[in-house]
1. Which ³J(HN,Hα) values, rounded to whole Hz and listed in residue order, are derived for the range 269-285 from phi using the Karplus coefficients 6.51, -1.76 and 1.60 in 6.51 cos²θ - 1.76 cosθ + 1.60 with θ = phi - 60°, glycine and proline given as x?
2. Could you derive backbone 3J(HN,Hα) for the range 310-324 from the dihedral phi with the Karplus parameters 6.51, -1.76 and 1.60 (θ = phi - 60°), listing whole Hz in sequence and x where the residue is Gly or Pro?
3. Please work out, to two decimal places, the log10 of the ratio I(q)/I(0) at q = 0.10, 0.22 Å⁻¹ from a Debye calculation in which every Cα of the range 130-260 carries one identical scatterer.
4. For every other residue with a beta carbon closer than 15 angstrom to the beta carbon of THR112, add +1 if it is Lys or Arg and -1 if Asp or Glu, then tell me the sum.
5. Counting only protein chains, not ligands or nucleic acids, how are TYR38, TYR161 ordered by accessible area (probe 1.4 Å), most first?
6. For SER283, tell me the accessible area in Å² from a 1.4 Å probe, rounded to the nearest 10.
7. Ratio to report: Rg/Rh of the range 255-357, with Cα atoms as the point set and Rh obtained by the Kirkwood method; give two decimals.
8. Return the equivalent ellipsoid semi-axes of the range 19-132 as a descending list in whole Å, where each equals the square root of 5 times an eigenvalue of the C-alpha gyration tensor.
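The values are calculated or read from the model by the stated rules, or taken from the named source; none is laboratory data. Treat the numbers as computed from the prediction; the structure is a model and nothing was measured. So basically every Cβ, Gly included, is an ideal-geometry build from the backbone, and we count neighbours across all protein chains shown. Keep in mind that these areas ignore ligands, DNA and RNA; they rest on the heavy atoms of the full protein, side chains included. Shrake-Rupley method; radii C 1.70, N 1.55, O 1.52, S 1.80 Å.
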Amino acid sequence: MNKYLTLQDGTVFIGEAFGATEIQAAGEVVFNTGMTGYQEAITDPSYTNQLLTFTYPLIGTYGTDKWHNQSVAATCQSVIVRHLENEDPTEGQSISSFLKEQGIPGISEIDTRSLTKHIRTQGTMKAVLTNAPVAMTDFDTIYNQIDTIMHRTPELQDAIYNVENADFHVVVIDYGIKQAIIEQLMAHGCKVKVLPYTTDFETVNHYETDGVLISNGPDNPTDYLETLPLLKEIQAHYATAGICLGHQLLALANGATTHAMLFGHRGLNHPVELEDGTTILTSQNHGYAVDVDSLVETGLIVTATEENDKTVEGLRHTSLPVITVQYHPEANPGPTDAHNFFNQFNQLMLKETKVHA
């Protein structure tokens, strides 16, 4: 069965359908450069509403396993690959079977190198994945029809994750959190309470809270401006950390601005220079960045910089207990160089606990 990937600028790729073959999809088309971790990416809420392209040419070799999921379900709109390896693994499911069960369509046997080069040149853009060719005069109508039907949002969690003899109690404000972030908090001695971003400060304050983590998530950070008053109140009372979207939102809450990147950072080998001069390799997944020039008079200073394009990768507030990173310190998949961020958060919470003792 043929599948048709049509970009907003008229570029068309024709390939073979897999996964939920009858389903059509609409959203931004983006690319991930990781050689492994396709299941973690497919279930990462930060890919909500996006058509996810894998640049590695062979995807599916080790199948899927429920223990690798980063949320309760697949979150991307579709999966785009060069070649699909679809044999059933010894345990778990094939990637096509997994996507069919999740209602996610896929397209294989297209030139993903050409698609990626096109996005790098022209920038991230809208696209539709359909079962028949699309006339460009009909693109907007079809896009809006599919988007209305297929729009996905992260399934917000409201749960407590217990750790025996926990050192800290952390509240997570959930914009689309990865399971690996929760697991890293627990591994670093934190009992975790997850609340949706629609919560209020009274609810946050209800728990025996030592610190608050603002999670990753999808979309433009300016889509969440109504939540900034909550973040301002949180950072005034608690040790606060932000990851990815959380980093951007805390920047906005303190008066900085953000911008859309041409094609974003989505991969497992992004070099980041820390403020002490050391370089770490990081896992990243974002299409927006904080404007460095907007940080003047915000109280925020840069603590980490992406070495390839010099975008802001970390912030620290000079008078409030706030630290943030644009990269994903939990990795999963990716290098573990950045795990120390969770130790830094613990130290920040310990310092605040002593101040208010």
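1. 9, 7, x, 10, 8, 8, 5, 8, x, 7, 10, 10, 8, 9, 8, 9, 7
2. Whole-Hz 3J(HN,Hα) from phi for the range 310-324: 6, 6, 6, 10, x, 9, 9, 8, 7, 10, 10, x, 10, 10, 9.
3. The computed values of log10 I(q)/I(0) come out as -0.40, -1.28.
4. +2
5. The most accessible residue leads, giving TYR161, TYR38.
6. Number for this one is 10 Å².
7. 0.98
8. Taking √(5λ) for each Cα gyration eigenvalue gives 21, 15, 14 Å.
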